[in-house]
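Only one structure is covered here, and it is reproduced in the block below.
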Amino acid sequence: MKQFHKTALLALTLGLGLTAVSAPAAAQAPTEVTFWTWYLSPKFDPYIKQTIAAFEKANPTIKVKWFDKQDSMVQDFIASVNLGSAPDVVNLNIDETGKAAQNGFLRNVDALTPLASLKSTFYPQTLANFTIGGKVYGYPWYGSLNEGVLLYNPDLMAKAGVKAPKNMTELLNMVKTIKDKTGAYAWVPALKDPGGASFLGYFSSDGLPIYNAKGEAAFNSPAHVAILQKYVDLFKGGYFPEDALRKEAFQLATELYAQNRVAMIVGGPQALNRIKDTNPSLYAKTVVATAPLGKANTQTGTSMGMVIPQASKHPAEAAKLAAYFTNNANQIAFAKIVPIVPTTAAAQNDPLFKGASSDPIAKATALVGASGRFINPGFKAPGNSDDLYKNFSDNIEAALLGKKTPKAALDDSVKFWNANMKK
């Protein structure tokens, strides 16, 4: 963006030479704040640029330099810290915020924005997600729910003779029926997820602990094994697509659903955007319902946040930008563009989420948009989650492929976690 030097412009307007401007009247150069986002460009360029422009108008002494990072975000951030060239505001998720805070890379934002202000802006749980050691290290931004909503093809459900499942037990019990009677898969669960270790989420949503009272990994009880065994049996029976071990579940589910090869999607309403583009007629008849939940009867999820690196040269200005982007008005504006879940407490009462509609996207958005209070990872990720999640995911794959029994897979992973986990 162009920078206008007001003093120079005034001097030219009055017909004065720049030398006529006295030193005290010279305009001070704006403070430049560097802002990194994660996977938002180019799709959301208009929203980000418009919000930055509005912020700069409201804060004329601050200019924002925006970069969108993608695959290299975490590596680039760590490198920038080590090189002493860290950005001022960084868009990180809950897990990465926790790791960065534990490594001493971040400023606690409750020292930059009053805690009372943070508490009045955000849901208690979403704020707690970015709280480490009693200090808040991130401004919660847009979120998502793992369960989200249930989207289903009414024709396939009728052909199978089943109704929308009310909980995960019902969903798992109808997997064989739907496939046997229609040839379509019931749904595509996230079977292998190195970045998030999906089965840990399944355990948590069923009310099973990931750690014991000592903070040790403890996800290998008979109850944990029974859940994994159920998925293994269905996978071996051909009731889940083999590609679920090779492709990201959300991507695969939306592809197959649009081809009438999957009856249901359990997830965020963003899936509907793709279905609307690829199969408009199926989109029009897709039914939206509340998501089937596990025995804990909770919605798990995650959110992005905005953090301030310890190495930021302009922390006060950075805090202003982070607070501005994450305020209720700007989160609602973002939700009007893409069905994100705002993390601001005022969002639950916004008209955007109150209206009734027969349009699938509108209905799904209303169902999840006011549910930000549920955004909870379900368990705290360990400091070295990348290595541990990969080990867990590899063991899950071994169980699904019959290389290990479910019990051996979970026992091996628990053993690895307890030998290598950084708390």
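When the trypsin sites (Lys or Arg not before Pro) in region 336-376 are filtered for DSSP coil states and for at most 14 other beta-carbon atoms within 10 Å of their beta-carbon, the remaining sites are Lys336, Lys354. Shown is the FRET efficiency for Ala329 and Thr405, computed with R0 = 51 Å from the Cβ-Cβ distance and rounded to the nearest 0.05: 0.45. Each label point was placed 7 Å from the Cα along the Cα-to-Cβ direction; for Gln259 and Lys390 their separation is 3.1 nm. If you run the Gaussian network model on the chain, springs between alpha carbon atoms under 10 Å, then out of Pro309, Pro154, Pro140 the most flexible one is Pro154.
Subtract the Cα-Cα distance of Asp155 and Asp71 from 0.36 nm times their separation in residues, and report this length gain in nm to one decimal.
Details: separation 84, 0.36 × 84 = 30.24 nm, distance 3.91 nm.
So the extension gain works out to 26.3 nm.
Got the relative contact order for the chain handy, in percent, Cα pairs under 8 Å and 6 or more residues apart?
So the answer I get is 24 percent.
Here the sum of -39500 (n - 2.57) over DSSP H runs of 4 or more residues, divided by the residues of the chain, equals -12500 deg cm²/dmol at 222 nm, to the nearest 500.
Under the classification rounded if a/c is under 1.5, otherwise prolate if a/b is larger than b/c and oblate if not, where does region 346-404 fall, given a ≥ b ≥ c as square roots of the Cα gyration tensor eigenvalues?
Values: a/c = 5.65, a/b = 2.21, b/c = 2.55.
Oblate is the answer for region 346-404, as a/c is 1.5 or above yet b/c matches or exceeds a/b.
Quick one: angle between helix 406-420 and the longest Cα principal axis of the chain, in degrees between 0 and 90, rounded to 10, please. The helix 406-420 is inclined about 30 degrees to the chain. Considering only Ala226, Ala291, Ala244, the mean-square fluctuation computed in a Gaussian network model of the chain, springs between alpha carbons under 10 angstrom, is largest for Ala226.
Rounded to the nearest whole Hz, the Karplus-based 3J(HN,Hα) values (6.51 cos²θ - 1.76 cosθ + 1.60, θ = phi - 60°) of region 390-402 follow the sequence 5, 4, 4, 4, 5, 5, 4, 4, 4, 5, 5, 8, x, with x at glycine and proline.
I need the fraction of alpha carbon pairs in region 97-155 separated by more than 15 Å, rounded to a whole percent.
When every Cα pair of region 97-155 is considered, 55 percent fall beyond 15 Å.
Taking only the Cα atoms of the chain, the radius of gyration and Dmax are 24.3, 86 Å. Shown is the FRET efficiency for Arg246 and Gln50, computed with R0 = 30 Å from the Cβ-Cβ distance and rounded to the nearest 0.05: 0.20. Look at the Cα gyration tensor of region 265-423: its axes a ≥ b ≥ c give a/c of at least 1.5 with a/b at or below b/c, and that counts as oblate.
Between the beta carbons of Lys166 and Lys230, assuming R0 = 22 Å, the FRET efficiency works out to 0.75 to the nearest 0.05. For the chain, the longest principal axis of the alpha carbon atoms and the long axis of helix 73-83 meet at an angle near 40°.
Both the radius of gyration and Dmax for region 29-182 are 21.8, 70 Å, in that order, over alpha-carbon atoms. For the chain, the longest piece that avoids every one of the GluC sites (Glu not before Pro) found in DSSP loops with at most 16 other C-beta atoms within 10 Å covers 1-215. Taking amide H as placed 1.01 Å from N in the peptide plane, Tyr142 has its amide H under 5 Å from the amide H of Met304, each at least 5 places away in sequence or on another chain. Springs between Cα atoms under 10 Å define the GNM used for the chain, and in it the highest mean-square fluctuation of Pro222, Pro292, Pro280 occurs at Pro222.
Remark: relative contact order (region 50-198) = 12 percent; criterion is Cα-Cα distance under 8 angstrom and separation of 6 or more residues. For the chain, the longest principal axis of the Cα atoms and the long axis of helix 360-369 meet at an angle of about 70 degrees. Here's the picture: charge each Lys and Arg Cβ at +1 and each Asp and Glu Cβ at -1 in the chain, and of Gly301, Ala29, Asn384 the one pushed furthest to the positive end of that dipole is Gly301.
3J(HN,Hα) along region 179-184: 5, 5, 8, 10, x, 9 Hz, from the Karplus curve 6.51 cos²θ - 1.76 cosθ + 1.60 with θ = phi - 60°, whole Hz, x for Gly and Pro.
All C-alpha pair distances within region 195-284, sorted into 5 Å bins from zero, spread as 2, 12, 18, 19, 16, 13, 10, 6, 3, 1, 0 percent across the bins.
Sparsely packed loop sites in region 197-253 (the trypsin sites (Lys or Arg not before Pro) outside DSSP H, G, I, E and B with at most 13 other Cβ atoms within 10 Å) comprise Lys214, Arg246.
Pop out the carbon and sulfur fraction of the accessible area of region 43-161 as a percent, whole number, probe 1.4 Å. In region 43-161, the share of accessible area belonging to carbon and sulfur is 52 percent.
The values are calculated or read from the model by the stated rules, or taken from the named source; none is laboratory data. In this text, all values refer to a predicted model and were calculated from it rather than measured experimentally. Ideal geometry is used to build each Cβ from the backbone, glycine not excepted, and the neighbour counts take in all protein chains shown. To get the accessible areas, we keep the full protein, side chains included, count just its heavy atoms, and leave off ligands, DNA and RNA. Shrake-Rupley method; radii C 1.70, N 1.55, O 1.52, S 1.80 Å.
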